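Read through the structure below, which is laid out as structure tokens, and then see the notes.
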Amino acid sequence: MRQRREWASAELLTEKEGEFIDWLVDEAVDALMVEIQGYADERGDDDYNMRLTEDRAAAVKQYLVGKGVSPDRLMSHGYGETKPLCKRHDEACWSKNRRVEFVILRRTDAP
């Protein structure tokens, strides 16, 4: 699941994003190990984008922990601008690249 971010921001943005994360907490995360991945657009230097995306992913992790999810079930990592979804150089493309993704690493209730 991808969630888009504002440029230079690690804040949760919309009610819809909060609703998705609440669903993740209520319905899925008890049985999952999840990596929260933060991404940035190409603007800004590499070090800045890496720190920004670490902060982005950590903000989502903190939100989930605040909702009662065990931090042992969550990993967060920033990838900077290293994995763009779109390679054009315009705002429409940059907004796609500013995002957080949830990656299911494994189910903890699987045999």
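Below are the figures for this structure:
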| item | result |
| --- | --- |
| Separation of alpha-carbon centers, the range 40-70 and the range 77-111, rounded to whole Å | 11 |
| Tensor-based shape of the range 26-89 (alpha-carbon gyration tensor, a/c under 1.5 rounded, otherwise prolate or oblate) | prolate |
| Linear extension gain, D46 paired with K83, 0.36 nm per residue minus alpha-carbon span | 12.1 nm |
| Footprinting exposure proxy for S95, S70, S76 (fewest neighbouring C-beta atoms within 10 Å first) | S70, S95, S76 |
| R0 of 22 Å, Cβ-Cβ distance T108-Q62: FRET efficiency to nearest 0.05 | 0.60 |
| Label-point separation, M75 to S95 (7 Å along Cα→Cβ), nm | 3.2 |
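Since every read-out is calculated from the coordinates, none of them should be taken as a lab result. Because the structure is a prediction, the values reported are computed rather than measured. We place every Cβ from the backbone using ideal geometry, glycine too, and count neighbours over all the protein chains shown.
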